[in-house]
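Read the structure below first, then the notes.
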């Protein structure tokens with residue numbers, strides 16, 4: 001059952017403020033604690049739970065909770081911080097920092113300067129290295145999952161939504177949505193492909209760089225494989241970028 005504003009969790013520790021969104025597997029809410037501090041909480045979507053048999057449901061909840069514990073070890077200034085995780089009834093919950101900012105996908109200025117784009121890509125790349133060292137593969141790196149937070153006039157990229165990292169590869173096959181298609185590596189589409197690894201996030205990070213310097217989403221991996229769709233070189237769209245910023249996305253994505 002979906003939660004509503006005013007609902008209490010974990011005793012009276014957290015109170016639901018509003019629903020923020022629904023992903024392919026989970027629902028995210030904004031909450032506040034007893035001191036009024038805001039956080040984000042994520043839990044599995046009831047529609048997904050209701051589509052599974054009891055053993056599948058138990059396995060999914062266990063995996064969700066185990067991976068949540070793993071995420072608490074991903075300490076990096078450019079990764080959203082996991083603050084708490086708990087189980088209430090038959091459901092698991094993950095509490096994370098609420099990041100007040102705008103995603104790179106929602107910025108009014110869609111094309112970033114090369115310098116700004118590379119700064120954000122470096123920050124997210126360093127964050128992913130820490131996640132990979134903890135055995136966490138994000139699997140959904142894209143501009144919409146990178147929040148630009150400005151503190152004391154200094155912008156910083158914060159990588160959010162590790163939702164797909166909470167599930168087994170077999171559970172996420174075929175669930176790449178339209179918004180992620182241009183950023184998803186080919187292994188996210190098929191069981192016959194190699195399993196996701198750090199290279200999966202490298203692909204998505206390169207595709208994100210492409211989008212930031214061109215304002216366009218690159219042709220998806222599956223369309224380029226099945227339909228032979230062309231990946232337009234970044235410099236054909238933005239002739240102001242350097243050769244290195246043109247070659248990097250083509251090498252990693254192409």
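General observations
- Scattering profile of the chain at q = 0.07, 0.09, 0.12 Å⁻¹ [log10 I(q)/I(0), Debye over alpha-carbon scatterers]: -0.25, -0.41, -0.73
- Nearest 10 degrees, 0 to 90: helix 54-71 Cα axis against the chain principal axis: 70 degrees
- Here 74, 57 are placed in order of increasing Cβ neighbour count within 10 Å, fewest first, which gives 57, 74.
- Once C-alpha pairs closer than 8 Å and six or more residues apart are averaged by separation and normalised to the residue number of the stretch 1-126, the relative contact order reads 17 percent.
- Normalised contact order of the chain, rounded percent, pairs of Cα under 8 Å and 6 or more residues apart: 14 percent
- Footprinting exposure proxy for 152, 114, 19 (fewest neighbouring C-beta atoms within 10 Å first): 152, 19, 114
- Fewest-first ranking of 138, 132, using other Cβ atoms within 10 Å as the exposure measure: 132, 138
- Using alpha-carbon coordinates, inclination of helix 114-133 to the longest axis of the chain, degrees: 50 degrees
- FRET E, pair residue 49, residue 247, Förster distance 51 Å, beta-carbon r, rounded to 0.05: 0.70
- Cα long-axis angle, helix 243-253 against the chain (0 to 90 degrees, to the nearest 10): 50 degrees
Bear in mind these aren't lab numbers, they're just calculated from the coordinates by the rules spelled out. The model shown is predicted, which means the values in this text are computed figures rather than measured ones. Glycine gets a Cβ as well: all are built from the backbone with ideal geometry, and neighbour counts include every protein chain shown.
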